[in-house]
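The structure appears right after this line, and notes come after that.
The values are calculated or read from the model by the stated rules, or taken from the named source; none is laboratory data. As the structure is a prediction and not an experimental result, all values here were calculated from the model. When we count neighbours, we look across all protein chains shown, and the Cβ atoms used for this are built from the backbone with ideal geometry, even at glycine.
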Amino acid sequence: MTNEASRLTILTSNENKAQEFSRLLDVELERVAVDIPEIQETDVTVVARKKAEEGFSKLNRPCFVDDTGLTVHAWGNLPGALIKWFIDNVGNNGFIAMLGGTTSRKATVTTALGYCDKNGSQVFVGELHGTIASAPRGNNGFGYDPIFIPEGQDKTFAEMTDAERDAISMRALAVKAMKAGLF
């Protein structure tokens, strides 16, 4: 990793997210919680770019943000980047209940890493297909981790060890794209 990578600042108030990205990038990150307005948009790439640009304008130094969304195929682009508000308001059990009689439980999780420096902004994406579990399972993770089962797996993200999740996750794929694009 270059010297530039060793000085990365992640904008998040979520310590778990910062630790996960530190593991994936194999560097210590400076975590900064900055109050950045989040636009209301289902597309995580749009949200990540805007948040990175806002963060850079506030800090005046290179930084990156993560925006991760979950889309249920039967629901079009929903909830997408709005997943946090769904889970905060109805929880994982409520989310599953909202699926009701939906015949397809197929879903996609997408992570967009927005990076901004004096040269402008870039977005790096990782995407993983899977399904929504019939009930929450596991205790390792946060957000919708107990209900998302990656394609080809029989465990939810929350049932996996950090190493198992890091090996296949949408965040790992986005980090790989970011490393290729920046370093």
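Tabulated data for the structure shown
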| item | result |
| --- | --- |
| Single residue of region 59-78 satisfying the filter (of a type in the set (D, E, K, R) and either modelled with pLDDT of 95 or more or within 13 Å of Ala112 (Cα to Cα) (or both)) that is surrounded by the most Cβ atoms within 10 Å (Cβ to Cβ) | Asp67 |
| Close pairs from region 71-91: first under 15 Å from Ile147 (Cα atoms) and in contact (Cβ under 8 Å) with a residue 40 or more places away in the chain, partner surrounded by 15 or more Cβ atoms within 10 Å (Cβ to Cβ) and aliphatic (A, V, I, L, M), Cβ under 6 Å, at least 6 apart | Val72/Ala107; Ile83/Leu70 |
| Where a residue in region 155-183 is closer than 17 Å to Asp145 by Cα and its partner, wherever it lies, is small (Gly, Ala, Ser) and part of a helix (DSSP H, G or I), with Cβ under 6 Å and at least six apart | Asp166/Ala172 |
| Condition met for Arg49 (modelled with pLDDT of 95 or more and either assigned to a helix (DSSP H, G or I) or basic (Lys, Arg) (or both)) | yes |
| Checklist (1) closer than 20 Å to Glu20 by Cα; (2) touching a Cys at 6+ places or on another chain (Cβ under 9 Å) applied to Phe124, failing item | (2) |
| Unique match (being touching an Asp or Glu at 6+ places or on another chain (Cβ under 9 Å) and under 26 Å from Met98 (Cα atoms)) among Gly138, Gly152 | Gly138 |
| Hits in region 120-165 (condition: closer than 30 Å to Ser57 by Cβ and modelled with pLDDT of 95 or more) | Gly120, Ser121, Gln122, Val123, Phe124, Val125, Gly126, Glu127 |
| Pairs, first part of a helix (DSSP H, G or I) in region 19-32, second among the small types (Gly, Ala, Ser), C-beta under 7 Å, six or more apart | Leu24/Ala172; Leu25/Ala5 |
| Filtered residue count, region 6-18, keeping only those that are in a loop (DSSP other than H, G, I, E, B), surrounded by 12 or more Cβ atoms within 10 Å (Cβ to Cβ) and under 14 Å from the mean Cα position of the chain (by Cα) | 2 |
